[in-house]
Amino acid sequence: LETAETWCQPRGQARGPWIRGVPLPLPVWAHYESPALTVNTVEQYEELAGSVELETQRLLREQRYDTVGNFLRLYRDYAASGESTLDRFYRKYQPLIIHGQHTCVGLGFELLRRLCALDKRFSGMANGLYLVSCEETIGDIAGYVGGPPAADSGEKEHVLVCLKIEIAGRRGVLLLDPGYHVARVITVMADKLYPHTGWFTQSEEPSCKKEYNYSLCTQDTDYVEWHERETRPGALERTQVALIYVARPYLTAIDVTERRNLVYNFRTLLARDTKGHVTAGIYFTVTLDLKNEQTFTIFHQTGNGKKRVKMPFSKFGGSPKVNLENEEATVITECARQLGMTCENLKGFLSALATVMSDTSFIAQLLAINARINTLAEDN
């Protein structure tokens, strides 16, 4: 499954300390602040933002969002380790960033790498760009802010790319979120005046519309509030807020955030277009099922919206292999094409996943770690 080159720790990343009873290492931030990139006029900023947006959109089109590859790798490495408990292995395990198999963490590093090339045109960009941590689903903003995030609570489950900016003396930050398929530059100005982004529609499908808004936290400007509004036909509007700590670079994106992702109970492999629309892929919930009846959803774009088919993993596991129905075979072929994979490669992924999902001991242990991490974050 893996012909990709392996990246080890990108420069400047740290290992977080483990403390007894906590299911993740503690997050670490830099002691320094990244310098702001200064421009004299809004027009200069617009030119910069346009170039950054182009690179971001290119990344979305070229790189899949993938939380299947690291899941399969964890299983394979655990099986090969001889370790008897996943919890012990998980603590010793070193997550890797694999080129072409990116979660939000890998996408963030890849975008940083690409944007540094713009430093020739926009001096100071390479020096100013950094990754920032994000805590999702915050219940009490006032209780969370007021100083750096508490290291021993929360899971720092997401990262974004950040650049502090100053436009003719006006302060703000530029944010990029390739992990959530955001195909635009998010500009957050302290005064909320142009070029402040404000509310925008991130995705709109017949079943669901998602809108995002980012603003500096009024109680503590070291944080950006990220508000999400979700509207479904015939349902109440759902809102939630996340907090992005923009004051200092986040140094444990791999050791904490990528590690956290390994045991998350929802996995996806997705292709996006330059506008951030999710076009094809697979997704599934990791569940313990002694009857081995877990399913995944596979989908792809058609001329008439998305075609989705739910299939059991068992069709791809064990032997003899179950023959696929015509519709299933067609969907897999088209999904693979839109993912930029061969049909054999995608079937190989599904076969490997079928093996993992049928290993009840592994799945039970993984879900137990995930539940402990969720408990850690419930206090926010």
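The values are calculated or read from the model by the stated rules, or taken from the named source; none is laboratory data. Keep in mind that this is a model prediction, so the values were computed, not measured. Every residue, glycine among them, receives a Cβ derived from its backbone with ideal geometry; neighbour counts consider all protein chains shown.
I need the full set of residues from region 77-113 which are without any contact (Cβ under 8 Å) to a residue 24 or more places away in the chain and of a type in the set (Lys, Arg), in order please. Answer for region 77-113, where residues must be without any contact (Cβ under 8 Å) to a residue 24 or more places away in the chain and of a type in the set (Lys, Arg): Arg88, Lys92, Arg113. Pairing each residue of region 363-378 that is touching a residue at least 24 places away in the same chain (Cβ under 8 Å) with any residue that is assigned to a helix (DSSP H, G or I), provided the two are 6+ apart or on different chains, yields C-beta distances under 7 Å for Ile363/Met357; Gln365/Leu86; Gln365/Asp87; Leu366/Leu86; Ile369/Leu86; Ile369/Asp87; Ile369/Tyr90; Ile373/Arg260. A single member of Phe316, Phe299, Phe266 is under 23 Å from Arg76 (Cβ atoms) and modelled with pLDDT of 95 or more, and it is Phe266. When Arg88, Arg64, Arg73 are screened for being over 28 Å from Leu175 (Cα atoms), surrounded by 15 or more Cβ atoms within 10 Å (Cβ to Cβ) and among the basic types (Lys, Arg), only Arg73 passes.
Residue pairs whose Cβ atoms lie under 7 Å apart, separated by 6 or more positions or on different chains, with the first residue in region 287-316 and outside any helix (DSSP H, G or I) and the second modelled with pLDDT of 95 or more and loosely packed, with under 14 Cβ neighbours inside 10 Å, are Leu288/Thr360; Leu288/Ala364; Leu290/Thr360; Gln294/Thr287; Thr295/Lys310; Thr297/Arg308; Thr297/Lys310; Phe299/Arg308. Scanning region 92-112 for residues that are part of a helix (DSSP H, G or I) and exposed (fewer than 15 other Cβ atoms within 10 Å of the Cβ) yields a single hit, Lys92.
Take the conditions surrounded by 13 or more Cβ atoms within 10 Å (Cβ to Cβ), among the small types (Gly, Ala, Ser) and at pLDDT below 95 and apply them to Gly340. Does it pass? The answer is no for Gly340.
Inspect all residues belonging to region 114-133 and state whether any of them is within 20 Å of the chain's Cα centre (by Cα), on the phi > 0 side of the Ramachandran plot and in contact (Cβ under 8 Å) with a residue 12 or more places away in the chain. Looking for residues that are within 20 Å of the chain's Cα centre (by Cα), on the phi > 0 side of the Ramachandran plot and in contact (Cβ under 8 Å) with a residue 12 or more places away in the chain, one finds none in region 114-133, hence no.
Give region 232-270 a look and list any residue that's without any contact (Cβ under 8 Å) to a residue 40 or more places away in the chain, in a loop (DSSP other than H, G, I, E, B) and either touching a strand residue (DSSP E or B) at 6+ places or on another chain (Cβ under 7 Å) or polar (S, T, N, Q) (or both), or say none. Those that are without any contact (Cβ under 8 Å) to a residue 40 or more places away in the chain, in a loop (DSSP other than H, G, I, E, B) and either touching a strand residue (DSSP E or B) at 6+ places or on another chain (Cβ under 7 Å) or polar (S, T, N, Q) (or both): Arg232, Glu237. Of all positions in region 143-165, none carries a residue that is over 30 Å from Ala14 (Cβ atoms), aliphatic (A, V, I, L, M) and in a loop (DSSP other than H, G, I, E, B).
For region 274-314, the set of residues classified as closer than 17 Å to Thr330 by Cβ and of a type in the set (Lys, Arg) consists of Lys306, Lys307, Arg308, Lys310, listed by residue number.
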